[in-house]
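Input: a single structure, listed below in structure tokens.
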2 protein chains.
Amino acid sequence: MRILVAEDDDRIAETLVSALSKAGFAVDRERDGESAWYRGDSENFDAVVLDLGLPQMDGLTILKRWRSAGRTVPVLILTARGQWEERVDGIEAGADDYVVKPFHVLEIIARLRALVRRASGHASSRIMFGPYQLDMRTMQVSADGLPIELTPQEFKLIAYMVHHRGRVVSQLEITEHIYSQDYERDSNAVEVLVGRVRKRLGKDVIKTRRGFGYTLGDGF
Amino acid sequence: MRILVAEDDDRIAETLVSALSKAGFAVDRERDGESAWYRGDSENFDAVVLDLGLPQMDGLTILKRWRSAGRTVPVLILTARGQWEERVDGIEAGADDYVVKPFHVLEIIARLRALVRRASGHASSRIMFGPYQLDMRTMQVSADGLPIELTPQEFKLIAYMVHHRGRVVSQLEITEHIYSQDYERDSNAVEVLVGRVRKRLGKDVIKTRRGFGYTLGDGF
DNA sequence: GGTAATTTGTCAGTGAATTGTCAGCTGGAT
DNA sequence: ATCCAGCTGACAATTCACTGACAAATTACC
């Protein structure tokens, strides 16, 4: 899951970036409004954390521009305490949720997960696929209630696949969504990762579409 | 779909060529402005990725020359971050879209697909033909929602045919658009490929116009 | 803060699916 | 009937993905 954090305050931004990374998101950060707008406009993030008071272009403007350009990416607004008018404006401009500063990072994480989940059409934080259950909250996969040990990367991969079930996901797409920033293009890290997930969940969970990418296997 | 990448920076160019090839495009690359101009002027590409800062002849000049010579090929401009003026100039010179460096390749791919789609007069990335549906975004062909497994080359062929339905497409044209420059002229690879697609989608999808080429069959 | 354990990425070798080539065949146009 | 563009099945070459072993990086633990 790839998240854009648009926040000019370095301290806050670093807290967020580090917490979100640990929570398993791939995080990119922008410090000014114009850059934030451009990246949200041109790239596919799974969600955006947007501070309203950004230099160069303020958060509300950014959000309105995205929405009028048809960008539906879930947006979580950060707003200063007591500025309830801002909240209203934000929601009207198309924000999906908001959090008041100072905030608890855990709350941000929980809300982001909820947003991503809703955006991909799943209501609960637990998603079934085949005999397995994926719990986004605890980052665990289980079969019949028995937890299966997955490493963080393995979990990210299967979670991304489950969120995009029903279509083919290219290696490039996987790389960009489970790793931050750019990555070595000629690496077989994704193939190895797929192999490891298969070893844990059975070789049919992920099906190879040679030349295109991968899909969740039939029945998952 | 054949793409010309006009970019002098080797690292960027290689990233692009490799990613675009994997995404199913046939890619040719030129490193200087004059060669780029010549190839775009004399060959039929489905789209061009044009860096503005090319040696010998800069991107804007190339673009203006093409346009004044009546070349309508979709052009995606690569521009350095913050050069908003360039972007405006580019659009005035006839660019169809622009992307700021540094970019994410997924974005380039998405925008190129959109350009090609619009150029062939289709609004959506999903195109119906007969009982089938072609989805350029997920690179899948399906019948009644059930995906049909095609190999990459097979997909490229049927995609090209569907984009150019209603007219006869010569073997040479097919070769030029689904393979990169180094193709054998006296090979029956296209015939074999057509045969394989017919085997998967039914032998009437592609109709032979003996001596001229192929068309989508009646009702497709 | 340093060391052990775990996770993750790289590499080289292997295996399998895709694609191109070839040779012989088919069938439509004249 | 003949000719030749196009078709087809078999095979070879190529490309792409998988695997196991090792190295690097990250995390956990004292």
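FYI, it's all coordinate maths here, none of it is from the lab. None of these values were measured; they are calculated from a predicted model. For neighbour counting, all protein chains shown are included, and Cβ atoms are generated from backbone atoms with ideal geometry for every residue, glycine included.
Annotations
- Beyond 27 Å in Cα-Cα separation lie the following of the pairs A:64/B:64; A:207/B:207; A:22/A:101: A:64/B:64; A:207/B:207.
- Closest approach to the axis - chain A beta-carbon, rotation onto B, Å: A:113, 1
- Within chain A: Cβ-based charge dipole about Cα centre, in debye rounded to nearest 20 (Lys, Arg +1; Asp, Glu -1): 1060 debye
- Rg/Rh for chain B stands at 0.99; both radii use Cα atoms, and Rh follows the Kirkwood definition.
- For the options B:46, B:89, B:135, a Gaussian network treatment of chain B with springs between C-alpha atoms closer than 10 Å singles out B:89 as fluctuating the most.
- Distant-in-sequence amide contacts of residue A:140, defined by a placed amide H-H separation under 5 Å and a gap of 5 or more residues or a different chain, comprise A:135.
- Among A:57, A:161, A:136: highest mean-square fluctuation, GNM of chain A, C-alpha pairs under 10 Å: A:57
- Whole-Hz couplings from phi, Karplus 6.51/-1.76/1.60, listed for region A:214-220; x for Gly and Pro: 10, 9, 5, x, 4, x, 10
- Calculated from backbone phi, Karplus (6.51, -1.76, 1.60) coupling profile of region B:7-19 in Hz, x at Gly/Pro: 8, 8, 6, 4, 5, 4, 4, 5, 4, 5, 4, 5, 5
- Candidates A:52, A:76, A:193: whichever shows maximal mean-square fluctuation once chain A is modelled as a Gaussian network with Cα springs under 10 Å: A:193
- The ellipsoid equivalent to the alpha-carbon distribution of the protein assembly as shown has semi-axes of 39, 30, 19 angstrom, derived from the gyration tensor eigenvalues as √(5λ) and listed largest first.
- Residue A:125 versus residue A:189: modelled label distance in nm, points set 7 Å from Cα along the beta carbon direction: 2.8 nm
- Each principal axis of region B:75-204 carries a Cα extent, and these read 53, 38, 26 Å when sorted largest first.
- Bridgeable lysines around residue B:203 (alpha carbons under 22 Å apart, same-chain partners fewer than 8 residues away excluded): B:156.
- Per-copy distances of the residue B:56 label point, shortest first, in nm (7 angstrom along Cα→Cβ): 3.5
- For residue A:101, the residues whose amide H sits under 5 Å from its own are A:79, A:80, A:81, ignoring neighbours fewer than 5 places away on the same chain, with H placed 1.01 Å from N.
- This ranking places A:48, B:5, A:168 by how few other beta-carbon atoms lie within 10 Å of each, fewest first, which gives A:168, B:5, A:48.
- Percent of beta bridges antiparallel (DSSP, the protein assembly as shown, rounded to nearest 5): 45 percent
- Centre separation in Å (Cα based) which lies between region B:155-220 and region A:100-135: 46 Å
- Rounded to the nearest 20, the size of the Cβ-charge dipole of the protein assembly as shown about its Cα centre is 2000 debye, with Lys and Arg at +1 and Asp and Glu at -1.
- About the centre of its Cα atoms, region A:57-153 shows a dipole size close to 160 debye [charges on the beta carbon of Lys, Arg (+1) and Asp, Glu (-1) only; nearest 20 debye].
- P(r) of region B:2-119 over all Cα-Cα pairs, binned every 10 Å from zero, in whole percent: 15, 54, 31, 1
- Amide N proximity, region B:181-220 versus residue B:143 label position 7 Å along Cα-to-Cβ, cut-off under 12 Å: B:198-205
- Charge dipole (the protein assembly as shown, unit charges on Cβ, about Cα centre) - positive-most of B:1, B:38, B:103: B:1
- Using the Karplus relation 6.51 cos²θ - 1.76 cosθ + 1.60 with θ = phi - 60°, the per-residue 3J(HN,Hα) values for region A:153-164 come to 5, 4, 5, 4, 4, 5, 5, 5, 4, 5, 5, 10 Hz, with x marking Gly and Pro.
- Our helix-only sum for chain A, with -39,500 (n - 2.57) per DSSP H run of n ≥ 4 divided by its residues, gives a mean residue ellipticity at 222 nm of -12500 deg cm²/dmol.
- Exposed-loop-free span, longest in chain A, where GluC sites (Glu not before Pro) count as exposed if DSSP calls them loop and at most 15 other C-beta atoms lie within 10 Å: A:1-148
- Counting neighbouring beta carbons within 10 Å and listing from fewest to most, the residues B:50, A:4 come out as A:4, B:50.
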